[in-house]
1. List every residue pair whose Cβ atoms sit under 7 Å apart, with the two residues 6 or more apart in sequence or on different chains, where the first one lies in region 72-95 and is surrounded by 10 or more Cβ atoms within 10 Å (Cβ to Cβ) and the second, anywhere, is modelled with pLDDT of 90 or more and part of a helix (DSSP H, G or I).
2. Mind checking which residues of region 16-61 are hydroxyl-bearing (Ser, Thr, Tyr), out of contact with any Leu (no Cβ under 8 Å at 6 or more places or on another chain) and surrounded by 14 or more Cβ atoms within 10 Å (Cβ to Cβ)?
3. Can you name every residue in region 62-71 that is surrounded by 10 or more Cβ atoms within 10 Å (Cβ to Cβ) and either part of a helix (DSSP H, G or I) or among the hydroxyl-bearing types (Ser, Thr, Tyr) (or both)?
4. Only one of these conditions is not met by TRP54: (1) touching a helix residue (DSSP H, G or I) at 6+ places or on another chain (Cβ under 9 Å); (2) outside any helix (DSSP H, G or I). Which number is it?
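The values are calculated or read from the model by the stated rules, or taken from the named source; none is laboratory data. Note that the structure is a prediction, hence the values are computed from the model and not measured. Quick reminder, even Gly has a Cβ in these numbers, built from the backbone with ideal geometry, and neighbours come from all protein chains shown.
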Amino acid sequence: MLAKMITAVQLIPYRTSSDDYALTEQLKAHFAQMKQERYPMYLTLDEFDRVLRWKLRGQYGRQRERRAANTAEVVRVVTEAALLSNILTTITKLSYGLGYYAHFGE
């Protein structure tokens, strides 16, 4: 007998039930605010560390020595480049999409 597929609508009540939901929302709100205040967008060393703590949870301590090598300048330059690259990729995809629709008159 085949199992019935779970739909996205059935998962909605569980979206907020994770143990890190509040922290996730705090981080998202903080970065949304920073995105309005910083151009180009980048992360500070403290912000990067907050993301690592959130993402790695119990594994955070394992890479302590590697994290210690991260300087504020390195984090800023690398995150700025990564976030700018993401923006440029999105713009490129949008421009191709708009060109496609303009070309075919849709």
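1. ALA72/LEU45; VAL75/LEU45; VAL75/PHE48; THR79/PHE48
2. THR44
3. Those that are surrounded by 10 or more Cβ atoms within 10 Å (Cβ to Cβ) and either part of a helix (DSSP H, G or I) or among the hydroxyl-bearing types (Ser, Thr, Tyr) (or both): ARG62, GLN63, ARG67, THR71.
4. Only one criterion in (1) touching a helix residue (DSSP H, G or I) at 6+ places or on another chain (Cβ under 9 Å); (2) outside any helix (DSSP H, G or I) is unmet by TRP54, namely (2).
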